[in-house]
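The values are calculated or read from the model by the stated rules, or taken from the named source; none is laboratory data. Just so you know, these numbers come straight off a predicted model, no measurement behind them. When we count neighbours, we look across all protein chains shown, and the Cβ atoms used for this are built from the backbone with ideal geometry, even at glycine. Ligands, DNA and RNA are excluded from the accessible area calculation, which covers all protein heavy atoms including side chains. Shrake-Rupley method; radii C 1.70, N 1.55, O 1.52, S 1.80 Å.
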Amino acid sequence: MSAQQLVLFDLPSKAPLRAWSYNPWRKALLYSVRLALNYKGIDYRTEWLEYPDLKPSLPGLSEYTTPTVMMPSGEYIMDSWKIAEALEAAFPGTPSLRLDAPALAPVKAAMLGALGELRGVYVPLVAQRLLGEASLPYFTATRQANLGMPLDQFAREKGGDRAFAAAAPHVQKAAALLRAEGAEGPFFDGAAAPGFADFVWAGLLLFLQRIGEDDVLLKLLDAAGDREPHLRLLEAVRPWSERGDY
């Protein structure tokens with residue numbers, strides 16, 4: 001490892017290995033961190049950790065989750081917002097994440113609101129579609145204990161069309177923010193380049209796309225009534241979203 005290389009700790013998926021991790025309970029968006037690293041051109045590598053390996057592999061932390069990074073200094077930082085601030089401070093010569101952009105706070109609120117309503121959709125599907133054998137028992141046991149019911153029951157009671165309908169207003173708020181400066185640009189605040197607000201929302205879209213493009217992502221966007229601004233944003237961040245497997 002280069003003396004200047006940063007380490008990003010991520011949860012692996014079943015084959016083919018690709019980034020997917022999203023931890024809304026701690027406001028931790030791993031996709032947004034990966035997008036930020038790629039956008040800023042920071043030298044980093046991914047260390048893949050299964051759920052049971054998080055605690056023994058991340059020393060000195062009071063909680064154990066992703067995203068976590070180890071900075072070139074050796075410092076461990078957890079939580080996407082804290083990581084973004086650290087990246088801005090440690091790599092000032094790279095493109096700015098515009099952490100003071102007006103759209104960032106409402107975009108974070110829309111993201112968390114949508115995720116809260118979609119738990120009955122994505123929690124069971126993460127177990128079914130993404131996790132490998134090493135993480136699946138841990139994930140299933142801890143989520144079922146937290147939810148107080150089996151995951152298939154949670155999907156029946158809290159998922160389906162009712163979840164997409166409940167999440168739709170939050171998606172509509174994000175669409176309105178994307179269109180606030182007119183239809184000429186794909187990014188929030190009408191900016192010519194992306195910032196962390198764009199990576200926060202794109203991270204949500206990429207997470208849902210990773211679970212299921214047709215039956216999750218597009219179903220949500222159709223429930224909200226407007227695919228176009230979200231798909232334009234996904235296309236615009238493609239140069240920084242394509243690296244997801246190393």
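Taking only C-alpha pairs under 8 Å that are 6+ residues apart, what is the relative contact order of the chain in percent?
25
Antiparallel as a % of all DSSP beta bridges within the chain, to the nearest 5?
Of all bridge pairs located within the chain, approximately 60 percent are antiparallel.
Once segment 112-209 is represented by equal point scatterers at the alpha-carbon sites, with solvent omitted, what log10 I(q)/I(0) does the Debye formula produce at q = 0.12, 0.19, 0.22, 0.23 Å⁻¹?
With one equal scatterer per Cα and no solvent, log10 I(q)/I(0) is -0.50, -0.93, -1.09, -1.15.
Summing +1 for each Lys or Arg and -1 for each Asp or Glu, what net charge is found among the other residues whose Cβ lies under 11 Å from the Cβ of ALA175?
Surrounding charge for ALA175 is +2.
Can you flag which of LYS55/LYS82; LYS158/LYS219; LYS40/LYS82; LYS55/LYS219; LYS55/LYS173 are past 26 Å Cα-Cα?
Flagged as over cut-off: LYS55/LYS219; LYS55/LYS173.
Check each of the GluC sites (Glu not before Pro) in segment 42-146 and keep only those in coil by DSSP with at most 10 other C-beta atoms within 10 angstrom; list them in order.
GLU133
Over all directions, what mean area does the Cα convex hull of the chain project, stated in square nanometres?
Average projection, Cα convex hull of the chain: 12.7 nm².
Report, ordered by chain and residue number, the aspartates and glutamates lying within cross-link reach of LYS108, taken as a straight Cα distance under 19 Å and ignoring same-chain residues fewer than 8 apart.
Cross-link targets: ASP79, GLU85, GLU88, ASP100, GLU117, GLU181, ASP189, ASP198.
So for segment 55-183, Kirkwood radius off the Cα pairs, Stokes-Einstein at 25 °C and 0.890 mPa s: how many µm² s⁻¹?
Rounded, D is 139 µm²/s.
Whole-Hz Karplus ³J(HN,Hα) for segment 147-162, in order, using 6.51 cos²θ - 1.76 cosθ + 1.60 and θ = phi - 60°, x for Gly and Pro?
Result, rounded to whole Hz: 7, x, 6, x, 5, 5, 5, 4, 4, 5, 7, 10, x, x, 4, 5.
How do SER241, SER96 stack up against each other in accessible area, from largest to smallest, with a 1.4 angstrom probe?
Greatest to least solvent exposure: SER96, SER241.
Of all the stretches in the chain, which is the longest one without any exposed loop site, taking trypsin sites (Lys or Arg not before Pro) in a DSSP loop (any state but H, G, I, E, B) with at most 16 other Cβ atoms within 10 Å?
28-226
Which residue fluctuates most in the GNM of the chain (Cα springs below 10 Å): PRO56, PRO67, PRO102?
PRO56
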